[in-house]
Amino acid sequence: GWGYIISSHLLAPKAELDANLSHLTSEILHELNIPLSTIKANSAMLKKRVMDDEKSLQRLNRIEASSVRLERLYKELVYSIKKELHPIAKEKLLLEPLLRERIETFEAFGRNSFSLDIGEMFIEIDKIGFEKMIDNLLMNAMKYSSKESLIKVILKENLLMIIDEGIGMDETQLLRVYERYYQSDNKEEGQGIGLALVKAYCDDEGIEIQIQSEKGLGTSVSLNLEKVHV
């Protein structure tokens, strides 16, 4: 039973334990990915068949949006587990194409427009973690902005800024913004663990993060990339 399995794991040498844990984790993540892929594939197929049925289309769009959120959480889980098991190797990358790729992913939602003003800069970072951080920040900018409003991504010297024209936050909300599961004005979906993960990643990489916001005017997130600039 489970007791024997756990006991045998505890008595095994550390290297063997790490290998077994890595294998077990891979199996669990694989099993989680199967239903997620099935939901996405079938909702896409059904969407093609109900193009003339507005109510069914709305329901499918909600399923699709939920599967996107679930996929994002799945990827964050995969990354977090891998990071706990093994150190993540850092890569030297050009910043502009990396950001452009992430922005194109969010442009595909057809909800907001984006502007990208980035000069040439190489950074040395944990690539997957950096992408997840940017994804979280772009997702928040979209989520708390009106449809079709502009989201700007700007680099000034070593300072990378993501600026939205959304609902903004007051001082009380700003003080709590990095708390896990803290929810702002949006009742449908809060910040979740998104900004908590962003802050943890920035701390690990030596990236200073600052958030400036004003209620009703929008939010600006600044990332100081000086320590990862190469």
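Checking each residue in the range 154-179 for being in contact with a Phe, Trp or Tyr (Cβ under 6 Å, 6 or more places away or on another chain) and either without any contact (Cβ under 8 Å) to a residue 24 or more places away in the chain or not β-branched (Val, Ile, Thr) (or both) picks out Gly166, Arg176. Pairing residues of the range 17-33 that are among the small types (Gly, Ala, Ser) with residues that are assigned to a helix (DSSP H, G or I) and at pLDDT 70 or above, at Cβ distances under 8 Å and at least 6 apart in sequence or on separate chains, gives Ser22/Leu85. Of Ile123, Ile128, all but one fail to be modelled with pLDDT of 95 or more, under 20 Å from Glu208 (Cα atoms) and not in a loop (DSSP other than H, G, I, E, B); the exception is Ile123. Checking the range 48-69 against the condition returns no match, with no residue being part of a strand (DSSP E or B) and either free of Cβ contacts under 8 Å to residues at least 40 places away in the same chain or closer than 26 Å to Thr219 by Cβ (or both).
If you check Phe109 against the conditions, is it without any contact (Cβ under 8 Å) to a residue 40 or more places away in the chain, aromatic (Phe, Trp, Tyr) and crowded, with 17+ Cβ neighbours inside 10 Å? Considered against the rule, which asks whether it is without any contact (Cβ under 8 Å) to a residue 40 or more places away in the chain, aromatic (Phe, Trp, Tyr) and crowded, with 17+ Cβ neighbours inside 10 Å, Phe109 comes out as no.
What do you reckon, is Ile134 surrounded by 15 or more Cβ atoms within 10 Å (Cβ to Cβ), under 15 Å from Leu195 (Cβ atoms) and not small (Gly, Ala, Ser)? Step through it out loud before you land on a result.
On the way: surrounded by 15 or more Cβ atoms within 10 Å (Cβ to Cβ): yes; under 15 Å from Leu195 (Cβ atoms): yes; not small (Gly, Ala, Ser): yes.
Here the answer is yes, as Ile134 does meet what is asked.
Taking the range 34-67 as the range and being within 22 Å of the chain's Cα centre (by Cα) and surrounded by 14 or more Cβ atoms within 10 Å (Cβ to Cβ) as the test, the residues that pass are Leu36, Ile39, Lys40, Ile63, Glu64, Ser67.
The values are calculated or read from the model by the stated rules, or taken from the named source; none is laboratory data. This structure is a prediction, so every number in the text was calculated from the model and none was measured. Don't worry about glycine lacking a Cβ; one is built from the backbone with ideal geometry, like all the others, and counts go over all protein chains shown.
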